[in-house]
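Only one structure is covered here, and it is reproduced in the block below.
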Amino acid sequence: MPTGFDLIEHSSTLRRHWLRRLAAAFVDVVIIFVPMRLAIFFVNAPYQDIVAGVLSGAVWFVYSGLLEGAYGNTLGKWFFDLKVVSLKEKKSFHQTFARSVPKFFWYVFLPFDVVIGLAMEGDPRQRWSDTVARTTVLFRKSEASKIKERGQPVRNFAKSDGDEQGASLRTVPDH
């Protein structure tokens, strides 16, 4: 079975998925890290870089766990139409906090979490922590449904650009 690294080269759908996740993470980082860094600067705490890194990680962990557990997304994921869903029956806070653990130590574990997730066989949209928590992140509105809303003809994206994996990437209806 191929890994995410094998598929990402040929799947524009998978590349778009990971770019959305990266952009959503950037939005969340700005929302969390900028105010934290400013607060630490004005407090004039010793070892500002270390304090900022650890405190921002703790806030990001709680922010992600709570919002993903309650709403299925963070503000960054909401902005990019991404949603965290359970691979089991119903998503729980236990799952969303478990998948958020690498964010606590974002400066070390988060990059490895992504790389290990892409290197494993299985769902190429999952980080390693998604696999452990039995969750995945899905695009809430498929590209085809957006085109359909504009009244344009829908074509099969999976076959149009040599993207064999794209057809199996699920989407979540927008509720």
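List pairs: first in the range 47-70 and within 15 Å of I31 (Cβ to Cβ) and surrounded by 15 or more Cβ atoms within 10 Å (Cβ to Cβ), second among the acidic types (D, E) and modelled with pLDDT of 95 or more, Cβ under 9 Å, 6+ apart or cross-chain? Cβ pairs passing all conditions: W60/D28; Y63/D28; S64/D28.
Which of the residues that make up the range 86-137 are in contact with a strand residue (DSSP E or B) (Cβ under 9 Å, 6 or more places away or on another chain), surrounded by 18 or more Cβ atoms within 10 Å (Cβ to Cβ) and of a type in the set (A, V, I, L, M)? Those that are in contact with a strand residue (DSSP E or B) (Cβ under 9 Å, 6 or more places away or on another chain), surrounded by 18 or more Cβ atoms within 10 Å (Cβ to Cβ) and of a type in the set (A, V, I, L, M): L118, A133, V137. The range 1-96 holds helices (runs of 4 or more DSSP H) entirely within its bounds, and those carrying 2 or more residues that are farther than 23 Å from V115 by Cβ map to 12-43, 48-71, 75-79. Of the residues making up the range 2-46, those that are over 15 Å from T74 (Cβ atoms), surrounded by 15 or more Cβ atoms within 10 Å (Cβ to Cβ) and among the aliphatic types (A, V, I, L, M) number 5.
The values are calculated or read from the model by the stated rules, or taken from the named source; none is laboratory data. The structure displayed is predicted, hence computed values, not measured ones. Neighbour counts are summed over all protein chains in view; Cβ atoms, including those assigned to glycine, are modelled from backbone coordinates with ideal geometry.
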